[in-house]
Every structure is written in structure tokens, then in C-alpha cells.
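**Q** This is the structure I have questions about; it appears just below.
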Amino acid sequence: MSQVERLTRLSEILAELFRSPIPSHFFQTLGDQAWAAVPCDYLAVCLQDPERGGYLVHSQVDLEEGAMSRRVFSPDEGLPGRAISTGKAYLVEDLAAEDGAPDLEGVLAAAGLRAALVVPIRSGLDVLGALLFAGRPPIVYGADDLEIAQLMASGLSSALETSRAYDKLGGERMTMLAVLGSTADAVITMNPAGLVLLANAAVRPMLGLAPDAIEGRPLAEAVDWAPLRELFLAGRPGIYELPLPDGRTAQASLVRVATPFGEPVGLAAVLRDITLLKNLEQMKNDFVNTVSHDLKGPITVIAGMADLMRMAGPGDENHASRCEDIRDTAQHMADLVSDLLDIGRIEAGLDAAREPMDLIPVIGEALRMVRPRAETKTIELHAELPGEATISAVPSRVRQVLINLIDNGVKYTPAGGRVAVAAALATDVDGAETVRIRVTDTGMGIPARDLPHVFDKFYRVKNKATSEIAGTGLGLAITKSIVEAYGGRISVESVEGAGTTFAVELPLARP
Ligand code: ADP
């Protein structure tokens, strides 16, 4: 075969080599076709594996049941090792006469192979490995073979480079997809032609879209949620608030995406669910509105009263009662402010340190404090208590809880009624020991529609029966905050016109 013919074969082999970036494809192509350019009975691609500290021999010809291909050869072993460490090519006339590695040259010689040619596979200053050709007589290698083999090795080197770059890109893409796939923010990108390039997993829970079903399709057609479609079509980068199909709210940032070389990739939208933030903002506004409203009321009353008194003069027969009204109203404001401060402290977790305390005497104290009020209203107070129940809490806060509940019972029960406090030890569903306290009254009850709201701050039932009864609407909110701060629960049951029961469950302190 002429050198020109061999070069033609070689160019065909190289063209085939670049058809796929996978190394096993290179091994196969060379194994099947290399002989057409460099005559041989055996060909091996030997590649360095820095992690395993040596080189591996890849060959389509299996001389000893794969033993050679499973072995890692150290860089000083065999002909390929020599080519790799010196970066030079070697021609061998008779493998049997070589004193090479028994696992390599030894095996080849035993298979009848005599002539050998080994060329390094270089990449810049590095040597990636070596190409090893071997043949049985009459094959012998000369300068022409060496030339072609070296060209083949440099073609293989470029193919290997491509394969590595491809791997690296693939790895980076996998990492990027993993990050995008695990974030809770929905990410959608659209290319300049209007096609969806990428949609991550979060678009499903947020927008109800299946990522696979929209990727590659025109965005205007694949995304049926109008606000998002319009955002993309308007194409103005910025931060927007976007309603979501299920009523939640997202913050959408629309950005232009470009490659590091400045070529436009398209538009990307990142959607973050900010429903919770929006709700908090709403709650804060409601809270500020209610507080200012509730504080303004009494201030107007006080101012009005003072005006009246100034006009009527000190001799007025209502003077004393008006002074009392001012005093009561001011007291109401003071209660409101101290309730608010309490809530703030408890919710912020700034309350005094807890200590193990017996709950039962505290129930007794609370009953003693409410008793005078109960007696003036001729309401019977009744208690049924166990000997002891040790919880971990701040005694004054527990007293506050009990006074709030018992006092409400007295406040919202007409004269002649009854308020009962019962406590008992119990085991909750998780097997933890608790104490259950029930405060039951025979009062006006709470209408069913108001029941879910009685623990809300400032919530008061508004009807004829309650209109004369003073209160801030904060007592139950404080009570609930305290109970929950101690790991407990509070619930209410009520029948309008018949009575109400508040039940509190608190974990017992571990001995
Ligand atoms: P308030 O200062 O108005 O008593 P609370 O937070 O203690 O505030 O209670 C909230 C509302 O729940 C009360 O305004 C009242 O309408 C209702 N309520 C609380 N306890 C009872 C009860 N034992 N019986 C009937 N209604 C009650």
C-alpha cells in the first residue's frame, strides 16, 4: 500500500473517530479500522488514569480473558509505559527478545506477535497515553508506519480532548440542573425565538405546569397562565408581583440572559412564593389599624369628658361621676397597653425564665382573686383539683392564664350562674404526661360563627348581650400565646345561650 493510500485510510478513520465523543467509540473504531492504515494484528489504546496512578490498556483483541484490560499498569511498566514517561515512540523488531513486562510484552509474545510499534498520545506538553501496534510475521515496522501511527495518535488526542470537554460540560449541566431542580423557586427561560428553553421542577407546584410538557414549545402557547405569559411577552426586565393560579402571590424577577461572550440567550423569570410575606404584611397593617382604632376610642372619650367638665364647671352635679369615667377609660387604655406589651414579650420569647412549679396552688390563687367579682354577681365558683401537678412555667403567667379564663367565665355568665374549674392528669396521644384544665361556665355562650376567632387579637363578639361588658379582646390571645409557649394547647367548645368550656392541656415537667 502506498503512503498516499494509507493517508487516505487514516483520514477516513479520523473522520469516523469524531462521530461520537465517547471513549469506547474511539477504542472500537481504531480496533476495527486502524489496520487499514498501519498493518497490525493487535492494537491497544493505553490511557493514563491519574486517579489510579498508572495506565489502562484498552483493546478489542482479548488475549487472556480480559486480565490485561482489568489491570492498572504502573508508568514504568512495559513499552507503553516507556512511551508515556519519555514522550518518545519505539519500534521493536521482536517482542520475544524484549525484556518487557511479563503481563504485557510477555502476553503479546506468547500470542505469536513479534513486531511492535508504540507512539505517545500527546496533548500539548502532556502525554495522555500511548498507541500500541503489534503484528505477527511477516509484519515489520518502519519509518512509514511510524509516521502514520503518530498522525493517528494526534487525531486520537484531539478526540479525547473533545470527549473531556464534553464530559465537563455535561457535568456542569448536571450540576446546574440539580441546583435548579431542587430549588423551591420556579425558573423558566425563553429564547429569542420565543421557545421555552428550560423549566425547572418547581413550575409544577407553583404554576401547575409540567416542565417536560412545556420545554421546547413556544412559550405563548405552552404557558396558559396569562400574567406570566404577558410578563415574558412584554419582556421588560425587573421585579414584579405576580398572582399565582391558586391565589398565592409570587415575586417574579425577569432578567435578560446572555453568554459570557455577550450573545443573547433569552429571558429568564425566577418566581418566588411570597404569600407568607404578603400575609404578614396584611396582618401587620390590620394590627396597626386595630390598635390605633382601639386606643383612639378611649382618647376621644377622655377628651370629650374633659370638655364637658370644663363647660359645666366644678359645681356640676355630674362632676364626680365624670371623673370616674375618665379614670375608668384611662384604666382601660392602660390595660390595653400592658396587654399589648405582654403579648409582644411572650411572642418574642423574652419572658422570664421558667421553673418547675406546682399548678394546683396557682389555680387556688386565681380563684381567690376572681371570687369577689363572682360574689357580687352571685355566681358560684366550683373547683375539682388533683393533689399536685408540676409543670415548667413562670408562675405569674400561669396565674394570668387562669384568671383570664375564670374571669371571662364570670364576665360572660349572667347572675345566678356557675363557673367550674376542673384539673386532671392525663396522657396525650404521643404518650406524654399532661395536665388538663377545664373552665366551664353556664353563661351566654359564643355564637358558632365567632368561635374560630375568639383567640385572635382584639376579637370580641359583638351582640346585645356583650355590648355592656368591658374588655380589650386581648385576654384569650395572651392566654393562647402563653399556653403555646409552654408546649401546650387550648381549645374551646360553646353552645350559644347554654355555656362555654375552655380546655387547656399543658405538659408535666419531667422529674
Ligand atoms: P375580652 O377582653 O373581650 O374579654 P378575650 O380575648 O378574653 O377578650 O375574649 C374574646 C371574646 O371572646 C370576648 O369578647 C367574648 O365575646 C368571648 N368570650 C370569651 N370568653 C367567653 C365566655 N366564657 N363566654 C362567652 N364568651 C366568651
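**Q** For residue 393, indicate whether it is at pLDDT 90 or above and on the phi < 0 side of the Ramachandran plot.
**A** yes
**Q** Separate question: With (1) open to solvent by 70 Å² or more (accessible area, probe 1.4 Å); (2) touching a strand residue (DSSP E or B) at 6+ places or on another chain (Cβ under 7 Å); (3) in a helix (DSSP H, G or I) as the list, and residue 251 as the residue in question, which single condition is left unmet?
**A** (3)
**Q** Which pairs turn up if I take residues in region 486-511 that are within 25 Å of residue 352 (Cα to Cα) and look for partners that are assigned to a loop (DSSP other than H, G, I, E, B) and not hydrophobic (A, V, I, L, M, F, W, C) with beta carbon separation below 7 Å, at least 6 apart in sequence or on another chain?
**A** Within 7 Å, the pairs are 504/488; 505/428; 505/488; 506/486; 506/488; 507/487; 507/488.
**Q** Continuing with this model, one more query. Give region 101-129 a look and list any residue that's outside any helix (DSSP H, G or I), surrounded by fewer than 23 Cβ atoms within 10 Å (Cβ to Cβ) and more than 53 Å from the chain's Cα centre (by Cα), or say none.
**A** Once the filter is applied, which keeps residues that are outside any helix (DSSP H, G or I), surrounded by fewer than 23 Cβ atoms within 10 Å (Cβ to Cβ) and more than 53 Å from the chain's Cα centre (by Cα), region 101-129 yields 101, 111, 112, 114.
**Q** Could you list, in sequence order, all residues of region 164-198 that are under 19 Å from the mean Cα position of the chain (by Cα) and of a type in the set (Asp, Glu)?
**A** Residue satisfying the conditions is 185 alone.
**Q** Assuming residue 161 fulfils every condition listed in (1) in the same structural domain as residue 266 (by TED's automatic domain parsing); (2) touching a residue at least 12 places away in the same chain (Cβ under 8 Å) apart from one, which condition is it?
**A** (1)
**Q** Under 8 Å by Cβ, and 6 or more places apart or on different chains, what pairs join a residue from region 89-102 that is within 10 Å of residue 115 (Cα to Cα) with one that is open to solvent by 80 Å² or more (accessible area, probe 1.4 Å)?
**A** 93/140
**Q** Is it fair to say residue 177 is under 30 Å from residue 18 (Cβ atoms) and assigned to a strand (DSSP E or B)?
**A** no
**Q** Do we have any residue at all in region 262-274 that's among the small types (Gly, Ala, Ser) and open to solvent by 50 Å² or more (accessible area, probe 1.4 Å)?
**A** Yes - at least one qualifying residue is present in region 262-274.
**Q** Taking region 92-119 as the region of interest, how many residues are of a type outside the set (Lys, Arg) and in contact with a Pro (Cβ under 9 Å, 6 or more places away or on another chain)?
**A** So the count comes out to 4.
**Q** For the condition in contact with a strand residue (DSSP E or B) (Cβ under 6 Å, 6 or more places away or on another chain) and either open to solvent by 40 Å² or more (accessible area, probe 1.4 Å) or among the hydrophobic types (A, V, I, L, M, F, W, C) (or both), what is the one hit in 148, 139? Don't jump to the end; show me each part of the working.
**A** Values: 148 fails: in contact with a strand residue (DSSP E or B) (Cβ under 6 Å, 6 or more places away or on another chain).
It is 139.
The values are calculated or read from the model by the stated rules, or taken from the named source; none is laboratory data. The structure displayed is predicted, hence computed values, not measured ones. A quick note on method: Cβ atoms are made from the backbone with ideal geometry, for glycine too, and the neighbour counts reach across all protein chains shown. Keep in mind that these areas ignore ligands, DNA and RNA; they rest on the heavy atoms of the full protein, side chains included. Shrake-Rupley method; radii C 1.70, N 1.55, O 1.52, S 1.80 Å.
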